[in-house]
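Chemist: Provided herewith is a single structure, encoded as structure tokens, for subsequent inquiry.
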Amino acid sequence: MSIRKGLRYEDRARAYLQDRGLYLLQQNFSCRFGEIDLIMRDRDSICFIEVKFRESMAYGGAASAIPISKQRKLVKTALFYIAGHRQLTRLGLRFDAFLIQRQQAGDERIDWIKNAFYAE
């Protein structure tokens with residue numbers, strides 16, 4: 001997927017989540033450990049959100065695109081982000097997945113999975 005296409009889906013995810021009351025802290029945060037698509041606040045939690053789009057269900061679809069190795073990178077990156085934003089340490093951490101999946105009829109299905117995985 002092209003960078004431009006990826007950003008378009010991240011923008012759609014951001015708008016969807018903002019419509020549901022989340023507040024954007026940062027988009028496309030990157031450091032030496034990795035990159036996080038969206039960092040948002042949902043009441044008393046900081047949400048680190050991985051956005052995935054898939055054209056088809058082949059190979060497990062969008063949900064299978066966040067393997068354990070990617071989850072570990074996201075956790076390390078989130079901890080690095082928190083270390084640089086001490087005022088956020090009093091809030092809970094949450095790792096969400098925002099999945100956009102093209103369906104057979106050409107429609108797109110959106111699944112927002114709160115607490116998709118946890119920091120170990």
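The values are calculated or read from the model by the stated rules, or taken from the named source; none is laboratory data. Computed from a prediction, not measured in an experiment: that's the story for all the values here. Every residue, glycine among them, receives a Cβ derived from its backbone with ideal geometry; neighbour counts consider all protein chains shown.
Chemist: Looking at segment 12-35, which of its residues are closer than 16 Å to residue 112 by Cβ and either small (Gly, Ala, Ser) or under 10 Å from the mean Cα position of the chain (by Cα) (or both)?
Modeler: 13, 14, 15, 21
Chemist: Tell me, which strands (runs of 3 or more DSSP E) lie completely within segment 13-67 with 3 or more residues that are surrounded by 18 or more Cβ atoms within 10 Å (Cβ to Cβ) and at pLDDT below 95?
Modeler: 45-54
Chemist: Continuing with the same structure: Quick one: in segment 80-120, which of the residues that are aromatic (Phe, Trp, Tyr) and part of a strand (DSSP E or B) is farthest from residue 17 (Cα to Cα)?
Modeler: 117
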